Amino acid sequence: QVSLNESGGGLVQAGGSLKLSCAASGRTFGYQTMGWFRQAPGKERAFVAAISLSDAVEYYADSVKGRFIISIDNAKTTQYLQMNALKPEDTAVYYCVAGDPTYADDGKSYDYWGQGTQVTVSS
């Protein structure tokens with residue numbers, strides 16, 4: 001089993017930055033991709049970013065490309081999401097995920113999900 005624990009959410013003004021962290025524990029060798037999804041009130045869950053643990057290839061949703069950066073530590077157990085130039089539409093609960101998806105943006109393919117951390121961007 002794998003446990004994912006997010007941290008770093010909070011309230012920030014538009015144009016500001018936040019850095020989310022996600023620490024994995026348990027069978028951390030049991031997947032090859034980590035990533036982030038988000039869900040805003042009244043909206044469906046949406047892909048944000050993902051990173052391949054084998055070759056560090058990064059994937060981003062068009063809505064965050066150029067503003068968000070995903071990274072992973074050398075131990076490949078903690079991933080980060082640096083969020084810059086935040087907009088009110090980035091307000092959501094952000095979920096850390098891990099798994100072996102065929103497509104990085106396919107939420108159904110991820111086996112492990114964190115509890116989520118709230119990010120609120122004020123205008």
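The values are calculated or read from the model by the stated rules, or taken from the named source; none is laboratory data. Nothing here was measured: the structure is a model prediction, and the numbers come from that model. Every residue, glycine as well, gets a Cβ built from its backbone with ideal geometry; the counts of neighbours run over all protein chains shown. The protein model used for the area step is the full one, side chains on, heavy atoms only, and it has no ligands, DNA or RNA in it. Shrake-Rupley method; radii C 1.70, N 1.55, O 1.52, S 1.80 Å.
In summary, G30 fulfils each of the numbered conditions (1) over 15 Å from the mean Cα position of the chain (by Cα); (2) among the small types (G, A, S); (3) loosely packed, with under 14 Cβ neighbours inside 10 Å; (4) under 20 Å from T102 (Cα atoms) with the single exception of condition (3). Residues in segment 50-62 that are touching a residue at least 24 places away in the same chain (Cβ under 8 Å) and either within 13 Å of N84 (Cβ to Cβ) or in a loop (DSSP other than H, G, I, E, B) (or both): A61 alone. For residues that are at pLDDT below 95 and either open to solvent by less than 60 Å² (accessible area, probe 1.4 Å) or under 15 Å from the mean Cα position of the chain (by Cα) (or both), tally how many sit in segment 1-20. Residues that pass the stated criteria total 1. Looking across segment 78-100, not a single residue is touching a helix residue (DSSP H, G or I) at 6+ places or on another chain (Cβ under 8 Å), crowded, with 21+ Cβ neighbours inside 10 Å and outside any strand (DSSP E or B).
Among the conditions (1) assigned to a loop (DSSP other than H, G, I, E, B); (2) under 25 Å from G16 (Cβ atoms), the only one that F47 does not satisfy is (1).
Restricting to segment 67-106, name every residue that is in contact with a Lys or Arg (Cβ under 8 Å, 6 or more places away or on another chain) and under 16 Å from V2 (Cβ atoms). Passing the criteria: only Y95. Annotation note: of F47, F37, the sole residue that is in contact with a helix residue (DSSP H, G or I) (Cβ under 8 Å, 6 or more places away or on another chain) and open to solvent by 30 Å² or more (accessible area, probe 1.4 Å) is F47. F37 fulfils the conditions (1) in a strand (DSSP E or B); (2) touching an Asp or Glu at 6+ places or on another chain (Cβ under 6 Å); (3) of a type in the set (F, W, Y) except for a single criterion, (2). Tell me, please, whether a residue that is more than 16 Å from M34 (Cα to Cα), open to solvent by 30 Å² or more (accessible area, probe 1.4 Å) and either over 14 Å from the mean Cα position of the chain (by Cα) or of a type in the set (A, V, I, L, M) (or both) can be found in segment 111-122. Within segment 111-122, one or more residues are more than 16 Å from M34 (Cα to Cα), open to solvent by 30 Å² or more (accessible area, probe 1.4 Å) and either over 14 Å from the mean Cα position of the chain (by Cα) or of a type in the set (A, V, I, L, M) (or both).
So, A75, is that one assigned to a strand (DSSP E or B), aliphatic (A, V, I, L, M), open to solvent by 20 Å² or more (accessible area, probe 1.4 Å) and without any contact (Cβ under 8 Å) to a residue 60 or more places away in the chain or not? The answer is no for A75. The selection criterion, being outside any loop (DSSP other than H, G, I, E, B), open to solvent by less than 30 Å² (accessible area, probe 1.4 Å) and modelled with pLDDT of 95 or more, does not hold for A23.
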